[in-house]
Structures are given as structure tokens and as C-alpha cells.
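The block underneath contains the structure these notes are about, expressed in C-alpha cells.
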Number of protein chains: 2
Amino acid sequence: VACAAIGFGTKLILDNNLEFLKGKPSKVNLSVKKTEGKVVDTVDMEDIGKQAVFCRCWRSKKFPYCDGSHNAHNEKCGDNVGPLIIKKKES
Amino acid sequence: VACAAIGFGTKLILDNNLEFLKGKPSKVNLSVKKTEGKVVDTVDMEDIGKQAVFCRCWRSKKFPYCDGSHNAHNEKCGDNVGPLIIKKKES
Ligand code: FES
Ligand code: FES
């Protein structure tokens, strides 16, 4: 019985683990407004001066704006995310 | 020896699994321009008409624009991400 339990437990853990290795889907947003059903931000162009830099890594403390936190996230996770820059055309 | 191997293997798998349960940091971007070191997009305000909707879930097939894929991602992962809308002020 003990042996079967070990076998069963091992199989259970292995299954979970393989699911993870196969790429079990993970949340993108870990901390921004988690009580909201969906975080959508709307910004008026007229309120952007020369340019604004918007966060797409969901790690910024100034969300929806980028504060450079994508760099630490990329390093930690081997990721390659970066911000969206909205700017006035150079004249 | 077989017993020790089982014990060792179980411990190994368990450790990995617990690391996962504790929230091993995950990539945000799974498929967009993964050969680039950092994906930064720059858009000129003058090229946005009345409004543009930008992806922040990294699942859009029209990246950097949103194509609604955030909804399937949110449902699958229990997440709550949504796009950034840049628009002209209503007059
Ligand atoms: S801090 Fe999130 S993209 Fe820069
Ligand atoms: S498809 Fe990514 S935010 Fe809409």
C-alpha cells in the first residue's frame, strides 16, 4: 500500500509538473488592479505632450505608464517585453 | 537503491513543483518577436486617427494592436488584462 501510494503520488506530481513544462498558461498581470474584471486604460492624445511611454509588462509602479520595471522582469524571467511609445512626429 | 531512487526523484520533482506553486516568475510574452532583445514599439500620434487600441497581453495577432485575444487569455488563465486606448478628445 505504501509503495502504491508513493507511485500514485509520484505520478500525480509528475503530471502536474509536465503540464507546467508544456507551458501551463500563466497570468500576465500579477498585481495591477486585480479586483477589476479587465484593466483597460484610455488616454486622450491631447493630454500626451511630446511623448508618453506606456507599460506592457504589468510590473510598473506607475501603471499605465512605464517606469523601467520591464528590465528587471526581463532579466529575471528571460523575457523580452518593452513599452509602447506614443509620440509627436519630429518636425 | 530502487527505493532511494524513488525517494530522490520524488523529492526532485516536488521541489520543482513547489517552486512553481510559489510563483516562479513567468514570461509575459510567449510569441511576439522573440528574437529581439526587447520589443519596443513607437507610434506617431499623427498616424492614429480617431483612436487606436494597443495590446498589453502579448497574445494579439495584430501586435502592437489589440485584436481581442486578451479575452481568451483572461478566461484561460484567470487573468484581467486589457488594452490601452489612445483617442482624440470628444469635441
Ligand atoms: S515598466 Fe512595464 S513596460 Fe516598462
Ligand atoms: S489582444 Fe492583447 S490586449 Fe487585446
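Since every read-out is calculated from the coordinates, none of them should be taken as a lab result. All values reported here derive from a predicted model rather than from experimental measurement. Ideal geometry is used to build each Cβ from the backbone, glycine not excepted, and the neighbour counts take in all protein chains shown.
Here are a few things to note about the model shown:
- Entry remark, the range A:39-70: residues being within 8 Å of another protein chain (Cβ to nearest Cβ), farther than 12 Å from B:V28 by Cβ and either surrounded by 14 or more Cβ atoms within 10 Å (Cβ to Cβ) or among the small types (G, A, S) (or both) number 8 in total.
One line per residue, one yes/no per condition, for (1) farther than 25 Å from A:A72 by Cα; (2) within 16 Å of ligand 1 (Cβ to nearest atom):
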residue: B:K33; (1), (2): no, yes
residue: B:G37; (1), (2): no, yes
residue: B:M45; (1), (2): yes, no
residue: B:G49; (1), (2): yes, no
residue: B:C55; (1), (2): no, yes
residue: B:K62; (1), (2): yes, no
residue: B:E75; (1), (2): yes, no
residue: B:N80; (1), (2): no, no
residue: B:K87; (1), (2): yes, no
